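In what follows, a structure is listed as structure tokens, so that the remarks can point back to it.
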Amino acid sequence: PLSSPGAALAGPEDTTLLFESRFESGNLQSAVRVGPYEYVLRLRPDLYTAKHTQWFYFRVQNTRRDPLYRFTIANLAKPKSLFGEGLRPLLYSQRDAQSRSVGWRRVGADVRYSRGGEEEPAAFRLSWTVRFPHDGDTCFFAPSYPYTYSDLQCYLRALAGDPARSRYCAVRALCRSLAGNTVYLLTITGPNGAAAKRAVVLSARAHPGETGGSWAMRGFLDFLLSDRPDARLLRRLFVFKVVPMLNPDGVVVGNSRCSLAGRDPNRAYGTGLRGSFPGVWHLRAMVERVLAEREVVLYCDFHGHSRKNNVFMYGCDGGGAGAGSRLGQRVFPLMLSKNAPDKFSFPTCKFKVQKSKAGTGRVVMWRLGVSNSYTMEVAFGGSTLGGRSSHFTLEDLKSLGYHLCDTLLDFCDPDPAKFQQCLAEVDALLRRRLGRELGSGSSWSDVSPSELES
């Protein structure tokens, strides 16, 4: 962050808070003091757009411990938010981090999410109250745990400097972004028999504000690059192609959804130009090359969700396919729900291919020939499953990476017992959802995706 404040204090008795967001992933546009301890804030829209205000990240200085402060963000874009269902903002105190090793934590009371006033009826407002832990502290606010491009680069430098892990993980540039930032591609596999191995392709952070996807990816990489027996087995069985941050420019400038093209990169896989969406274009081209050499057993794009709790997946059911294909693509998410029953909700998963989603990574990879192609959505909030009703912690988010690895081994187990059991369970679940048995001479290929989603 810049050391020079955006405004000057009148003296030591001046209680005005000093706001700043001119740092990586910051996006506060303005802060107006409307009462002794009350501030109305506005977020900067995604660059080269006039919308997509959802992510926020800003710094506050000159804090006082005793007063109850109220913050209101006045120009949020979405009509529904988990902030209306119990989600609370995150706070980071530099003094607590230095003295007690306490990092980001959930804070705030009287959290409200509502439609804007007469001046901005199309906008939505998030408001909360908070007491700061110390006088004269430096604090940060965000809706979810920040994960910046610099965080990724630091992680990759440590990986490259580790003689053990770098033996089976090659880091190279997939391409350069519009701003010249490197979009990294990691190739992870064991040393032997690469030609006969199937591939797994993973990506994250097409949408910059969905930071939970990066923490799940971090957990995935931590496990896969470890010396655990299952990690060694996965490296022996598969070639992993991993793009941990598809949209580094958007992450750097603090966008919520777009790249510097001013558009959503996760709608550009089908038609996006190489010069406008380099990360997406090169990822698709890489998958096409891999498919020419070997089967891609799984594609998964990690995202975050601001309106639904828990973790769930979107898959691809185009209708008309045989029962094996339509039921089989639901097996991986069902297995993941069994391995992470307190986080992953199979009933929330959707598989209908909507026209508006034709340009997404999961749909385009599926049309290229990846049968098991998914978007994994990680709630900004937390879990309502298994007796929980709590925010996700960093450990919760990272554990999703381990659970995905565990599920991949179950899914590809040479012993088909688990797969067949889940296939039968999916069949029974869909019959119950359909509310009737399939008629004589009919099959799942005669049932529309809309009927199964209803």
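Please figure out what share of the DSSP beta bridges in the chain is antiparallel and state it in percent, rounded to the nearest 5.
If we restrict to bridges inside the chain, about 65 percent are antiparallel.
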For the chain: span of alpha carbons on each principal axis (Å, largest first): 79, 55, 43
Cα-based shape type of segment 382-434, given that a ≥ b ≥ c are square roots of the gyration tensor eigenvalues and the cut on a/c is 1.5: oblate
Counting DSSP beta bridges with both ends in segment 149-415, the antiparallel % (nearest 5): 40 percent
Two-decimal Rg to Rh for segment 332-383 - Kirkwood Rh, Cα set: 1.01
Inter-site label distance for CYS412 and ASP110 at 7 Å from Cα along Cβ, in nm: 5.4 nm
Largest to smallest principal axis extent of the C-alpha atoms in segment 1-159, angstrom: 46, 45, 30
Separation in nanometres of the label points that stand 7 Å from Cα toward Cβ, at LYS80 and ALA160: 4.4 nm
Equivalent ellipsoid semi-axes, segment 204-276, via Cα gyration tensor eigenvalues times 5, rooted, Å: 30, 15, 8
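Normalised by the empirical 2.2 N^0.38 Å for globular proteins, what value does the Cα Rg of segment 18-92 take?
Numbers: Rg = 13.1 Å, N = 75, 2.2 N^0.38 = 11.3 Å.
Cα-based Rg divided by the globular estimate yields 1.15.
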Segment 149-415 - Debye-derived log10 I(q)/I(0), Cα point model, q = 0.09, 0.16 Å⁻¹: -0.37, -1.32
Full-extension gain in nm, ARG198 to ALA173, via 0.36 nm per residue minus C-alpha separation: 6.8 nm
Principal axes of segment 154-313: Cα extent on each, largest first, Å: 43, 34, 32
Under Karplus coefficients 6.51, -1.76 and 1.60, residue-wise ³J(HN,Hα) of segment 39-50 in Hz, glycine/proline x: 9, 9, 10, 10, 8, 6, x, 3, 4, 6, 9, 10
Helix 394-411 vs. the chain, principal-axis angle (Cα, 0 to 90°, nearest 10): 0 degrees
Listed residue pairs exceeding 30 Å between alpha carbons, taken from LYS78/LYS418; LYS197/LYS355; LYS51/LYS355; LYS350/LYS418; LYS80/LYS398; LYS197/LYS308: LYS78/LYS418; LYS197/LYS355; LYS197/LYS308
Rg over Rh [alpha-carbon atoms, Kirkwood Rh] for segment 232-318: 0.99
Label-to-label distance, nm, for residues given as LEU9 and SER356 (7 Å Cα→Cβ offset): 4.8 nm
Spherically averaged projected area of segment 244-385 from its Cα convex hull (nm²): 9.3 nm²
Compactness of segment 141-225 as Cα Rg over 2.2 N^0.38 Å, two decimals: 1.19
Computed lengthening from THR49 to ARG431, 0.36 nm per intervening residue step minus Cα-Cα distance: 133.0 nm
Efficiency of FRET from Cβ geometry, ALA292 and SER448, R₀ 45 Å, rounded to 0.05: 0.85
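None of the figures in this text is laboratory data; all of them are computed from the coordinates on show. Predicted model only: the values in this text are computed from it and were never measured. Don't worry about glycine lacking a Cβ; one is built from the backbone with ideal geometry, like all the others, and counts go over all protein chains shown.
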